[in-house]
Structures are given as structure tokens and as C-alpha cells.
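Inspection log for the structure reproduced underneath, given as C-alpha cells.
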Amino acid sequence: MSVKNQFSKYAKDYNNHNIIQQIAAKALVRDIKGKPKNILEIGCGSGQVFKYIDWDIENYYAVDFSPSMCELHPRDKNIHINCFDFDSNDFFEFLENKKFDLVISSSAMQWSKDLKKLIKQLSNTTENINAVLFTSNTFKTIQNITDTKSPILSQENIKDAFSSIYECKFEVHNYNLEFENKKDLFDYIKKSGVSGDSSNLDFKNAKKLFKEYSLNYLEFEVIFINTVSKL
């Protein structure tokens, strides 16, 4: 199952299974300086970032590649919802001649197929990017048990991509999310939107994981990025 299809399949369940994403979104908005009036959000989902914005805005451009997610996002006259893959030429054409006070993104840009190219395109529209991304150390023990590689970008690759265009401030945080039983833990993996292409975990590995995973929590690593200036 592709990342896009996974998000669409579990769109209605997403708000019940994205606890870490909501923590990250709240922290992301809390760190915004001033009260920017024209904002672009990359990977808006169902509106978990937007709900924390408590100041007046003139235009809020919300972009997500999942139509099911876009349908759940809050609507208003100054909210412009666009269903784009943020790696696509269609999205890059949408960015042409646009300027934003701020570009924000929570728990989305780690899925970019070419993060450096995406940031380069965004740099033509803004001086300021506030973003939080999951890193490849998320679900680290699961990867070790199943001998699989994370579909998410590494902390080093993320830093390199942003630092190629901007001077940045980086903060890395680790979270553990506890569960009462293994069923709830594995349901969370499936529906949280963090696991990416879950089809790469075949029956043999799934069985091994269920048997050998001894922790009562899942591991998450996120990196917060604030651009300071362009290079």
C-alpha cells in the first residue's frame, strides 16, 4: 500500500491515532514568532495544525495529497485547500509567483522523495519555514527486529537538505508512547500514518515482530526546524 493510499484509507480514524503528531503540531504552532497573516501548510491532513492557530489570518493555503484528508480540513472563506502531492510539478507550478509570511509543516515533509528540491522550491516563496519531521529512528526497535530499513528520511539527511538553502535551528526530541497490550500497539502502527508503506512487513516478519517485540511502547524521534535566514 502506498503512503498516499494508507493516509486515505485511515483518514477517518487518523485523529484517534495521531497522538504524537498532535503533540508535535501544538509545539510547532507554539514556536511561531509573531502573527503571520499569509501561511502555507505542507501536508495539512485533517487540520491538526490549523486548530492551534489562534490569531487572525488573511490567507491560509492548506496542501495535502490525500483527498480524504482534505475533505476533513476546516473550511472558511480565507482557507484555500489544495490536493497536491508536494513533490509534484503541479505543486511547484502552484507555488510560482506566490509569497508567504510563513511555510509550516508538521509530520509530513519526511515523506518527500527529494526534500532538497522541495525546500529549494519553497525558498522562492518565503524566508521563514517552521517544520517538524519524523526521522528514521522512529520505530527503531521494530526495524532492528525485522531487519528492515525505515521509509522515513534520516535526521542527517533532513538537516543536510534544509542547511543547503537556509541557516537553521534544529531540535531533536524523542517520545515513547505506551500501550496496554500488543493489539493496541500494532493497531496504532497501522493507522497512525507513521509506518509508511506497511506492505513491506510480510507475514513472516509480522509474526516475528509480534513474538519478539517486548516493549510496551513505541519509539518516536522528531526534529523541529526553524529557518533563520537564507544562505
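Per-structure values
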{"read-out": "Rounded FRET efficiency, nearest 0.05, which uses the C-beta distance separating Asn97 from Ile189 and R0 of 41 Å", "value": "0.50"}
{"read-out": "Mean-position separation - Cα centroids, the stretch 51-100 and the stretch 146-167, in angstrom", "value": "24 Å"}
{"read-out": "Mean Cβ neighbour count within 10 Å, used as a protection proxy, ranking 53-63, 97-107 highest first", "value": "97-107, 53-63"}
{"read-out": "Anisotropy class of the stretch 44-151 from Cα gyration tensor, a/c 1.5 cut", "value": "prolate"}
{"read-out": "Gyration tensor verdict on the stretch 22-89 (Cα atoms; rounded if a/c is under 1.5, prolate if a/b is larger than b/c, oblate otherwise)", "value": "prolate"}
{"read-out": "Order of Ser150, Ser46 - criterion: other Cβ atoms within 10 Å of each residue's Cβ, fewest first", "value": "Ser150, Ser46"}
{"read-out": "Cα gyration tensor category, rounded, prolate or oblate, for the stretch 86-132 with a/c compared to 1.5", "value": "oblate"}
{"read-out": "Linear extension gain, Lys149 paired with Glu219, 0.36 nm per residue minus alpha-carbon span", "value": "23.7 nm"}
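None of the figures in this text is laboratory data; all of them are computed from the coordinates on show. Please read these numbers as outputs of a predicted model, since none were measured by experiment. So basically every Cβ, Gly included, is an ideal-geometry build from the backbone, and we count neighbours across all protein chains shown.
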